[in-house]
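*Asks:* Below: one structure in structure tokens.
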Amino acid sequence: MDTLKAENVNFGYGSHQILKNLNFEMNNNQVIGLFGDSGSGKSTLCKVLTGFINDYEGNITVNGQKHKGGYNPIQLIYQHPEKVMNPRWKMKDVLEESWMPDDSLLDEFGIKREWFGRYPSELSGGELQRFSILRSLNPKTKFIIADEISTMLDAVTQVQIWESLLTVARKNEVGVLVVSHDKNLLNRICDDIVYLADITD
Amino acid sequence: MTKTEENKQGFLNLNLRTKTLLVTVIALIILVSVFLSNFLIDHQAVLTSNFYNINQAPSFEHLFGTDWMGRDMFMRTLLGLGISIGVGAFASVISTVVAILLGVFSSVNTLVDEVVTAIIDLFGSIPHILLIILVSLAFGGGYYGVIMAVGLTHWTPLARVLRAEIKKINTSEYIKLSNEFGKSKLWIAKKHIFPLIISQIIVGVILMFPHAIMHEASISFLGFGLPAHEPAIGIILAESMKYLSMGYWWLAFYPGLSLLLLVLLFDLIGENVHRLLDPQSAQE
Ligand SMILES: Nc1ncnc2c1ncn2[C@@H]1O[C@H](COP(=O)(O)OP(=O)(O)OP(=O)(O)O)[C@@H](O)[C@H]1O
Ligand SMILES: [Mg+2]
């Protein structure tokens, strides 16, 4: 079993402290919901956990190991998929930068092969988000941090995408941290819900 | 989107691309032939005076007319444009090297970045013509001085663009993600950064030409540039000023117009190449 641990994490933008003495733990068989007020620092925490922000204090470890170079076992799925894709790359290159999933996985996420030849600006937000999710499902991933990944999708697509993501995550034993303002969604898909206020001082 | 719609769009895209490519190639052919014509023209014959043909208005025999020494203005203009292109090319090479070095340097750390920015701002803040004249004098004036001056003062816009572009790319989220995918710095530079700035560099170089050409012509016109015996356009224009009041309009009109067209051709090529290299902005 893999364990993701955040111990005594402090972080602020400049002098503006956002995360105060945060402690959090989950394992790779869990799907945990993270809930909190708008502006309370959830997205900031997601970036800290996944290495997008690295000038924080404290420890973030997987099985006691800090991530130092190489593939990060904790991967972030972003609210805005277009920001994490090189706008001049075709979708095939975007996906392959992480790995190339087999056909069944592509089908599971409803990704059409004809999209591979297009640029990110030529796909819809929902279509891009599927690529983003699939990219993070590299076999080397142990934890996925999903920061409001379905906010921009319609209800049907939202259900589809979560179903696909969670099916694969459960099968590959990848832990998922779900950040959302949608209490119903969290109640439905998560084993447990934590409040940001409860894990910080 | 249906299949046929997609095909149609693909066809239109291709058409636009082909058209752009065609225009660029034609413009290039004109430039290259102007430049090469310099090696085929007998300079001696063109530049010696012929007093039977003094101050003739444009005709089929002398398309651009002749000057007060009976020299054919079309030939003189061609030679002048050749010099302009030569100076422009040399200036572009020097300036590009300087711009790339500074742009890449600035991404090393914030201290270096500040120094680079200060240098760029310093050079950018001195009036360009003045700067060219000063550098030219520092190199002892003449042919050599002008070329060095024009070359060493045109890198600021490209350096600024490259610095900003590299910085923007480096702080973008997809570069951070690339790091998290375990990609090395070299891999990121090669796959992400270089392809994004290479088009800026190529376009920057082409668009540097018109600037360099105009500046060389300006300072030659002002008398700080190429020596008076060179058939440069700036010098032709300066000379012809004396004859304008006598009604010999063609002496200034055609060389000036040719220089303008040359500059516009480079602009056209620059814009088209930009569109070809940058499919994103071409689609907008
Ligand atoms: N790059 C930044 N520089 C400075 N301050 C920032 C930056 N990003 C976020 N903040 C601030 O940090 C605080 C936390 O932001 P964060 O995005 O983590 O909140 P959040 O909990 O994700 O909110 P939401 O639920 O609305 O997405 C906010 O007050 C925000 O203004
Ligand atoms: Mg947020």
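The values are calculated or read from the model by the stated rules, or taken from the named source; none is laboratory data. Computed from a predicted model, the values in this text were never measured in an experiment. Here Cβ is always computed from backbone atoms with ideal geometry, including for glycine, and neighbour counts include all displayed protein chains. What goes into the accessible areas is simple: the full protein's heavy atoms, side chains included, and nothing from ligands, DNA or RNA. Shrake-Rupley method; radii C 1.70, N 1.55, O 1.52, S 1.80 Å.
*Asks:* With N set to the number of residues, divide the alpha-carbon radius of gyration of the stretch A:3-199 by 2.2 N^0.38 Å and report two decimals. Write down the numbers at each step before the final one.
*Replies:* On the way: Rg = 16.4 Å, N = 197, 2.2 N^0.38 = 16.4 Å.
The stretch A:3-199 yields a ratio of 1.00.
*Asks:* Out of all Cα-Cα pairs in the stretch B:98-142, roughly what percent, to the nearest whole number, are more than 14 Å apart?
*Replies:* When every Cα pair of the stretch B:98-142 is considered, 59 percent fall beyond 14 Å.
*Asks:* Would you please classify the overall shape of the stretch B:11-100 from the alpha carbon gyration tensor, given that a ≥ b ≥ c denote the square roots of the eigenvalues, rounded means a/c under 1.5, and beyond that prolate means a/b larger than b/c while oblate covers the rest?
*Replies:* Values: a/c = 3.71, a/b = 1.72, b/c = 2.15.
The shape class here is oblate.
*Asks:* Taking each full run of DSSP H in chain B as one helix, which ones are at least 27 Å long along their axis (Cα atoms) and have mean Kyte-Doolittle hydropathy of at least 1.0? Don't skip to the end; give the middle numbers.
*Replies:* Working: long enough: B:3-40 (54 Å, 0.77); B:73-105 (47 Å, 1.98); B:194-222 (41 Å, 1.64); B:250-277 (40 Å, 1.37).
Counting only whole DSSP H runs, the qualifying helices are B:73-105, B:194-222, B:250-277.
*Asks:* Can you flag which of A:Lys90/B:Lys190; A:Lys20/A:Lys171; A:Lys112/B:Lys176 are past 25 Å Cα-Cα?
*Replies:* Exceeds cut-off: A:Lys20/A:Lys171; A:Lys112/B:Lys176.
*Asks:* Checking the a/c ratio against 1.5 first, then a/b against b/c, what shape does the Cα gyration tensor give for chain B?
*Replies:* Details: a/c = 3.31, a/b = 1.60, b/c = 2.07.
Oblate.
*Asks:* To continue, here is another question. Excluding residues on the same chain fewer than 8 positions from A:Lys183, give the aspartates and glutamates whose Cα lies under 19 Å from its Cα.
*Replies:* Here the aspartates and glutamates satisfying the reach criterion relative to A:Lys183 are A:Asp37, A:Asp147, A:Glu148, A:Asp154, A:Glu163, A:Asp191, A:Asp192, A:Asp198.
*Asks:* Let me know the volume per residue of the alpha-carbon convex hull for the stretch A:37-136, in Å³. If you can, show how the numbers build up before the last one.
*Replies:* Numbers: hull volume 14.2 nm³, N = 100.
It comes to 142 Å³ per residue, whole-number rounded.
*Asks:* Further question: In nm, to one decimal, how far is the modelled label at B:Thr110 from the one at B:Lys19, with both set 7 Å along Cα→Cβ?
*Replies:* Simple spin-label model gives 4.9 nm for this pair.
*Asks:* Under the rule a/c < 1.5 gives rounded, and otherwise a/b versus b/c splits prolate from oblate, where does the stretch B:104-245 land using the Cα gyration tensor? Don't skip to the answer; put the middle values down first.
*Replies:* Numbers: a/c = 3.78, a/b = 2.67, b/c = 1.41.
Prolate is the answer for the stretch B:104-245, as a/c is 1.5 or above and a/b outweighs b/c.
*Asks:* Tell me the mean residue ellipticity at 222 nm calculated for the protein assembly as shown from its helices only (DSSP H runs of n ≥ 4, each -39500 (n - 2.57), averaged over every residue, nearest 500). Mind dumping the intermediate values first?
*Replies:* Working: 20 runs with 276 residues, N = 485.
-18500 deg cm²/dmol, from helical runs alone.
*Asks:* Once Rh is set to the Kirkwood radius over Cα pairs, what Stokes-Einstein translational diffusion coefficient, in µm²/s, holds for the stretch B:1-159 at a temperature of 20 °C and a viscosity of 1.002 mPa s? Intermediate values should be presented prior to the final figure.
*Replies:* Values: Rh = 20.0 Å.
In µm²/s, the coefficient rounds to 107.
*Asks:* Express in Å², to the nearest 10, the accessible area of A:His16 obtained by rolling a 1.4 Å probe over the protein heavy atoms while all chains stay in place.
*Replies:* 120 Å²
*Asks:* Still on this structure, please answer the following. Quick one: net charge of B:His43's neighbours, Cβ under 15 Å, K/R +1, D/E -1? Could the numbers behind the result be given before it?
*Replies:* Values: positive: B:Arg71, B:Arg76; negative: B:Asp42, B:Asp72, B:Glu230.
Summing Lys and Arg as +1 and Asp and Glu as -1 gives -1.
*Asks:* Measure off, as a whole percent, the carbon and sulfur share of the 1.4 Å-probe accessible area of the stretch A:3-199, all protein chains present. Write down the numbers at each step before the final one.
*Replies:* Working: 3810 of 8660 Å².
Carbon and sulfur: 44 percent of the exposed surface of the stretch A:3-199.
*Asks:* Which one, B:Gly247, B:Gly182, B:Gly151, has the greatest fluctuation when you compute a Gaussian network model over chain B with C-alpha springs under 10 angstrom?
*Replies:* B:Gly182
*Asks:* What accessible area, in Å² to the nearest ten, does a 1.4 Å probe give for A:Tyr56?
*Replies:* 50 Å²
*Asks:* Over the stretch A:3-199, give the accessible area per residue in Å² for a 1.4 Å probe, as an integer. The partial results should precede the final answer.
*Replies:* Working: 8660 Å² over 197 residues.
Per-residue value: 44 Å².
*Asks:* Right, something else. I'd like the antiparallel share, as a percent to the nearest 5, of DSSP beta bridges with both residues in the protein assembly as shown. Intermediate values should be presented prior to the final figure.
*Replies:* Working: 17 of 34 bridges.
Within the protein assembly as shown, antiparallel bridges account for around 50 percent of the total.
*Asks:* Could I ask something else about it? Can you quote the Å³ per residue value for the convex hull of the Cα atoms in the protein assembly as shown, rounded to an integer?
*Replies:* Values: hull volume 90.9 nm³, N = 485.
Dividing the Cα hull volume of the protein assembly as shown by its residue count gives 187 Å³.
*Asks:* Computed over the Cα atoms of the stretch B:162-280, what is the convex hull's projected area averaged over all directions, in nm²?
*Replies:* Values: hull surface 40.7 nm².
Across all orientations, the stretch B:162-280 yields a mean hull projection of 10.2 nm².
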